1. Identify the single condition in (1) over 28 Å from the mean Cα position of the chain (by Cα); (2) under 25 Å from K245 (Cβ atoms) that P340 does not satisfy, given that it satisfies every other one.
2. Can you confirm whether region 507-520 contains a residue that is surrounded by fewer than 24 Cβ atoms within 10 Å (Cβ to Cβ), acidic (D, E) and either more than 16 Å from C235 (Cβ to Cβ) or in contact with a Gly (Cβ under 9 Å, 6 or more places away or on another chain) (or both)?
3. For region 566-580, which residues satisfy the criterion of being within 15 Å of A439 (Cβ to Cβ), touching a Lys or Arg at 6+ places or on another chain (Cβ under 9 Å) and not in a helix (DSSP H, G or I)?
4. Taking the condition open to solvent by 10 Å² or more (accessible area, probe 1.4 Å), touching a Pro at 6+ places or on another chain (Cβ under 9 Å) and more than 30 Å from H269 (Cβ to Cβ), does W460 pass?
5. Assuming K251 fulfils every condition listed in (1) part of a loop (DSSP other than H, G, I, E, B); (2) surrounded by fewer than 21 Cβ atoms within 10 Å (Cβ to Cβ); (3) in contact with a Phe, Trp or Tyr (Cβ under 7 Å, 6 or more places away or on another chain); (4) of a type outside the set (A, V, I, L, M, F, W, C) apart from one, which condition is it?
6. On the given criteria, is Y543 buried (at least 23 other Cβ atoms within 10 Å of the Cβ) and under 18 Å from L135 (Cβ atoms)?
7. Of all residues in region 165-213, which are part of a loop (DSSP other than H, G, I, E, B) and not hydroxyl-bearing (S, T, Y)?
8. Tally time: how many residues in region 129-154 are open to solvent by 20 Å² or more (accessible area, probe 1.4 Å) and either part of a strand (DSSP E or B) or in contact with a Ser or Thr (Cβ under 9 Å, 6 or more places away or on another chain) (or both)?
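The values are calculated or read from the model by the stated rules, or taken from the named source; none is laboratory data. Worth saying up front: this structure is predicted, and the values here are computed from it rather than measured. Every residue, glycine among them, receives a Cβ derived from its backbone with ideal geometry; neighbour counts consider all protein chains shown. With ligands, DNA and RNA removed, areas are computed over all heavy atoms of the protein, side chains included. Shrake-Rupley method; radii C 1.70, N 1.55, O 1.52, S 1.80 Å.
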Amino acid sequence: MIRRIVCGRVGEPGRTIVQKLEPSIVQSSSQVIFFSNSFRQISWNLTPKDIYQFSAAEGKSTVIVEKTVDGERSKVEGADTIKIGEAFEGEILFSLPKENRIFGLGQHENGIFDYRGQKEYLVQNNMKIPMSVFLCVGPTDSYAVLFDAGCLMTFEEMGGTARVAFDAVHSIDYYVIEGQSMDELIQEVRWLTGTAVMLPRWAFGYMQSKERYKTQAEVIKTAEKFKELDIPVSCLVQDWSTWEKGKWGQKSPDKERFPDIKTMISRLHDMGITYMLSIWPNPAVSTEDNKELGKIGGILANASTYDAFNEEARELYWKQCQREWYSAGTDAWWCDSTEPFTPDWTGAVKKTDIERYQLSKEVLTKYLDARDANHYALAHAQGIYENQRKADGTKRVVNLTRSGSIGVQKYGAILWSGDITATWETLRNQITEGLNMSASGIPYWTVDIGAFFTGSCKCWQNWIGSTEKETPWFWSGHFEDGVADMGYRELYVRWLQFGAFLPIMRSHGTDTPREPWHFGKPGDIFYDTIIKYIRLRYRLMPYIYSVAWMVTNNGYTMMRNLNFDFPGDSIACAISDQYMFGPAFMVCPVTQPMYYEAGSIKINKPQTRKVYLPSGGWYDYETKEYFQGGGWLTVKAPLESMPLYVRAGSIIPADKVIEIYEGVSTAFILYNDNGKDYTYEDGNYSAISLYWNDTLRELKITKIEGNYPNPENLRLRIYLKNGDIKDATQ
């Protein structure tokens, strides 16, 4: 059941993130609303406020350009501030069931799993991607609360009461979803905010990136090295500065370093590799792109950032992408820095959360309408998606973007966790951040495998070429020597194992190279393990791609905290460092060093990890040993093996074989299409329903949908509890 509640006046709020339902309840004054005996709206209030913004009038301000770690930034001084509208500050209070856990709110930095007793500031920033939705999940009843609001917000829960505060709204317009499971809640969130489109098949492979490939020759050389070493790779990602020197953000290549991009990309395609290009929303004042956007009023008051809320500006921004890069064959976009202002990204000492929030609020609302200050990246993604689809239907849109809002899933977007730092604590926190992003309804999320910042002071000084400036607070990794440090190699391998079981797998970072061959050579444990898990990712591609179809077709969630699948298991529901990857895999990342500390200092810690297996049967994916769940196990976890289990009854389509793990009768949809375009929307796909009868040990094909060619023969491999393996052909 979905109900829409409007507190205050009913009217058009401007940009909206949902398909509108008629309000179930409209309140002109605060009253209690009972959604159940234990979940209710307590009260709300709204206080009028005027909305002001900097004026972009010429001649009345000074543009100041700053070189920052987060790219070249422009700001203005002396600009006029003008009133652009009226709105309200407000807050709403809910009483929540005390036994329920609270998930969602997007991805933040501190590794919070359950937001009981927690406060979170919902503001776009590097490493923060707020989502205006939270889930209140319990053993008997569960709810999702989705706010149709684009302003900065604050969430706080204390003693059973949740308070949500809004910086600037027309009214408090929200949706309450009641459901029996987390899957049901997420399905309804997606129904309201948009279906996640299918990404191309290559997007689920391994993406290689770093800061940065500096020339066309380096890109080709890197691709050839992958082929020489027979390492699978689906995409090479081009980071910033493909433009001419002094033309930050210009969407045309430097002809000296990238003399023939069409030939470069064609060469990659010949090797079966796609190309993703970094584009920025802030072309420098001196660039041709900036001047062209300025002529149509498509630049914000800081004189650099394009106005993504302006439809004409979005169309022109796309044309600038299309002229040289897309027409040359570019396959995907890395829409970096889509906050697009990060004022806290400076200084040696990290400010408090409230200080960072206030600083961000001050800057964001100078240049953006406060009512939509969290929606810039959503509008930007909309422009890329809609205009690429208008221009060319042969390629599915892929947009790796550092920020977004709920609804961005319908625009072919992949979110990632920003410029994180290389510590074991960060790795642990990334698990919970991904789980809460998934619990917010966003299916495609990833990380910089190995973290963006490897070291701290030494690496920072190398990056700027100076020892005079203080190290910024965020450049705080523990591994100054990068890949030369055995401690970093161990951390990287564990990060990559985790990354192999994320919706999207991508390695990236600064300070040190990230390609596999920099971590050793064949026969070295670090190198061999990296290659093992990259190849495992490709071996499981039929399973991963089929689960992606479940995301599109059923509103499914790929990266799943254990509340999704084991809601009645109180132990499982409290675990934040294990998760299900689709219906089959229990993923147990290793988040502690066992071999080396930073500085290549040898340590000798137990090579084990504690894992929890809920009731039912489980198989160790690597050894195929069968376990009866319902408790904790201490299992082997040497560097070359992350604990990974398969739920009994699982059907796993893998490369050239369908694996079946006996124990429970079950079903799975084997999905396939051409992996490239949107013709699947017109039925050009194959969906085969596989049903495993555990009693008869028999696989039946019960339904085939779509007009895409089906596989002629399905080779089966059945794993039995007693350790036996049976092969058959269907």
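1. (1)
2. No, region 507-520 contains no residue that is surrounded by fewer than 24 Cβ atoms within 10 Å (Cβ to Cβ), acidic (D, E) and either more than 16 Å from C235 (Cβ to Cβ) or in contact with a Gly (Cβ under 9 Å, 6 or more places away or on another chain) (or both).
3. Within region 566-580, A574, S576, Y579, M580 qualify.
4. Details: open to solvent by 10 Å² or more (accessible area, probe 1.4 Å): yes; touching a Pro at 6+ places or on another chain (Cβ under 9 Å): yes; more than 30 Å from H269 (Cβ to Cβ): yes.
Yes; evaluated as a whole, the condition is true for this residue.
5. With respect to (1) part of a loop (DSSP other than H, G, I, E, B); (2) surrounded by fewer than 21 Cβ atoms within 10 Å (Cβ to Cβ); (3) in contact with a Phe, Trp or Tyr (Cβ under 7 Å, 6 or more places away or on another chain); (4) of a type outside the set (A, V, I, L, M, F, W, C), K251 is out only on (2).
6. Details: buried (at least 23 other Cβ atoms within 10 Å of the Cβ): yes; under 18 Å from L135 (Cβ atoms): no.
No: the conditions fail for Y543.
7. Initial filter on region 165-213 (part of a loop (DSSP other than H, G, I, E, B)): 170-171, 180-181, 194-200, 205, 210-213.
Across region 165-213, the qualifying residues are H170, Q180, G194, A196, V197, M198, L199, P200, G205, K210, E211, R212.
8. Kept after step one, since they are open to solvent by 20 Å² or more (accessible area, probe 1.4 Å), are these residues of region 129-154: 139-141.
Add one more test, that the residue is either part of a strand (DSSP E or B) or in contact with a Ser or Thr (Cβ under 9 Å, 6 or more places away or on another chain) (or both), and what stays is 139, 141.
Final tally of qualifying residues: 2.
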